[in-house]
Amino acid sequence: MINIAVLGYGTVGSGVVEVLHTNHESIKKRAGEEINIKYVLDLRDFPGDPVEEILVHDYEEIINDPEVDIVVEVMGGIEPAHTFVKRALEAGKNVCTSNKALVAKYGPELMEIAKGKDINFLFEASCGGGIPIIRALNSSLTADVVDEITGILNGTTNYMLYKMDTEGCAFGEVLKEAQEMGYAEADPTADIEGHDAGRKIAILSSLAYGRFVNYEDVYMEGITKITPEDMEYARALGMKVKLLATSRKVKDSYYAMVAPFMVNKSSPLYSVDGVFNAVFVHANMLGDAMFYGSGAGKLPTASAVVADVVDAAKHLHRNIMTNWSNDPLSLQEMDEVEGRFFVRLQDAAIDEIEDAWGQVQTVELDTLSDEIGVLTSSMKQKRYKAGAEKLGDRVISMIRIKD
Ligand code: HSE
C-alpha cells in the first residue's frame, strides 16, 4: 500500500480525494498498489465531511510519519507550500503538485533535491489543467528538437474573452463568473495580467528546451485593455482575440512572451474557446502537434495530480524527470522579436501611417467611422515601436498577430 498526504482541502484538494475515491479500482490497477489517503492537511475543520477522520492541522504529523510515501501539495501560493515541499523531498518523500507559482519560482531547487535523492517532484497539473503536456514534453517528445510552444494556458481569461466576444458580457461580470466556477486564482490579477500564463510558459519552455526559463524574464501583457471594438475588428478580419503564451527558438536565440494576439481562422488555436486550454508544439521531426483539453477546474486539475501520484507510486525510488536541467536559458530582448501588428488609429492619414511602418492593409468598420485599423507586414518590435512613437497619441491600441 502507498500512503499519501494531501496538503490543502480546497478546490483541487477535494478534487484529488474525489478522483481517488471514484476511480479507486482502476487507479489501484495502474499504480500496481492500493493508494491510501492517510492524511489531509488544512487549517479549517470540515464537520461531517468524509475526510474529517484523517484531517490534521499540523504538518509535523505528516513529515514525521515514515509511512507517508507521497506528499500532494495543492495548497497554492508560495509559503508555506515551498517549505512543506522542500522538507518532504529532503525527508525522501515524493511530491506531486499543481502549484505553478511554486514550480516557476523554486523548480530548480526542488528538482535538484529530488534528483539528489532519486525521488520525484512532479507537476503535471501546473500547466494546462487536465492536459497531459508535461508528461508529453518529458517522456514522449524525446526524439525531437522543439522550436515552438504556443498555448492558450489560462482558462479564466479564455473563458472571459469568449463570453465577452459571443455574449457581449462586461469584463467584471465574466470575471466574477469565472471565479464562481473555480477557474480563477485566489487573486485573479495573476490571470488577467498574464502572470499565470507566464509562469506556465516558463515551465513548459524549460522542459521543451532543456534549460531553465525564469518566468521573471518572460514578457507579460494581460487582457485588461481588450475592448469589444478590438473583437469587432478581429471578426472583420476572420480572427479572434486570444491570450497566447508563446516561446520560440529563432536561430540560436529564444524568446518567451504572454500577450493578447489576433488568431486567424486557419490556426488550430482559433477554435479553442471557453475554459479549454490548448498547447501547440512544433518540433523538427514531429512537425505540428496540439494538445487540447480542460485547462482549469476541480476535477480536470485533480485528474492530472492523481496521474502524477500513480507515476510517483510506480517510481518511488527512481527520478523520472530527465528532461529538466537547471542551466539557465537567457531570452531575447522583446525589441528583437518579429511579428505583424494590428493597430487602431485616429486622425492619421494613410501616407503618415505607411511612412511609419511601410505598406499596411487597412480595415474599416461602419460602427467606428472616426478611426482606422491597419495590419502591418512582419517587422521587429523595435521598428513597430519607433513608428508608433512617430504617430504619438493617434495610436489608439495595438494587438499582435499570430502567424
Ligand atoms: N487560474 C488558472 C486558469 C487555473 O484559469 O487557468 C488553472 O491553472
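The values are calculated or read from the model by the stated rules, or taken from the named source; none is laboratory data. Note that this is a predicted model, so its numbers are computed, not measured. Neighbour counts are summed over all protein chains in view; Cβ atoms, including those assigned to glycine, are modelled from backbone coordinates with ideal geometry.
Any residue at all in segment 85-100 that is out of contact with any helix residue (DSSP H, G or I) (no Cβ under 6 Å at 6 or more places or on another chain), closer than 15 Å to N120 by Cα and among the hydroxyl-bearing types (S, T, Y)? There is at least one residue in segment 85-100 that is out of contact with any helix residue (DSSP H, G or I) (no Cβ under 6 Å at 6 or more places or on another chain), closer than 15 Å to N120 by Cα and among the hydroxyl-bearing types (S, T, Y).
Give segment 129-145 a look and list any residue that's surrounded by fewer than 24 Cβ atoms within 10 Å (Cβ to Cβ), away from the ligand (no atom under 16 Å from the Cβ) and not small (G, A, S), or say none. Of everything in segment 129-145, those that are surrounded by fewer than 24 Cβ atoms within 10 Å (Cβ to Cβ), away from the ligand (no atom under 16 Å from the Cβ) and not small (G, A, S) turn out to be R135, N138, L141, T142, D144, V145. Within segment 274-287, being within 16 Å of the ligand (Cβ to nearest atom) and either buried (at least 17 other Cβ atoms within 10 Å of the Cβ) or aliphatic (A, V, I, L, M) (or both) holds for V275, F276, N277, A278, V279.
Residues in segment 90-104 that are buried (at least 23 other Cβ atoms within 10 Å of the Cβ) and more than 16 Å from the ligand (Cβ to nearest atom) were compared, and the one that is farthest from the chain's Cα centre (by Cα) is K93.
The residues of segment 179-202 that are crowded, with 24+ Cβ neighbours inside 10 Å, part of a helix (DSSP H, G or I) and within 10 Å of the ligand (Cβ to nearest atom), listed by number, are D191, D196, A197, R199, K200.
For segment 203-212, check the following and say yes or no: at least one residue is in a loop (DSSP other than H, G, I, E, B), crowded, with 17+ Cβ neighbours inside 10 Å, at pLDDT 95 or above and within 16 Å of the ligand (Cβ to nearest atom). No, segment 203-212 contains no residue that is in a loop (DSSP other than H, G, I, E, B), crowded, with 17+ Cβ neighbours inside 10 Å, at pLDDT 95 or above and within 16 Å of the ligand (Cβ to nearest atom). Inspection of segment 241-253 identifies at least one residue that is in a loop (DSSP other than H, G, I, E, B), away from the ligand (no atom under 16 Å from the Cβ) and among the charged types (D, E, K, R). Any residue in segment 116-139 that is hydroxyl-bearing (S, T, Y) and farther than 30 Å from D69 by Cα? Among the residues of segment 116-139, not one is hydroxyl-bearing (S, T, Y) and farther than 30 Å from D69 by Cα, which makes the answer no. Just wondering, is there one or more residues in segment 328-349 that are more than 28 Å from Y209 (Cβ to Cβ) and hydroxyl-bearing (S, T, Y)? Within segment 328-349, none of the residues are more than 28 Å from Y209 (Cβ to Cβ) and hydroxyl-bearing (S, T, Y). Number of residues in segment 105-128 that are of a type in the set (S, T, Y) and within 16 Å of the ligand (Cβ to nearest atom): the value is 1.
Does segment 183-200 include one or more residues that are among the aromatic types (F, W, Y) and over 14 Å from the mean Cα position of the chain (by Cα)? No: zero hits. Against the criterion of being among the β-branched types (V, I, T) and under 29 Å from the mean Cα position of the chain (by Cα), V310 qualifies.
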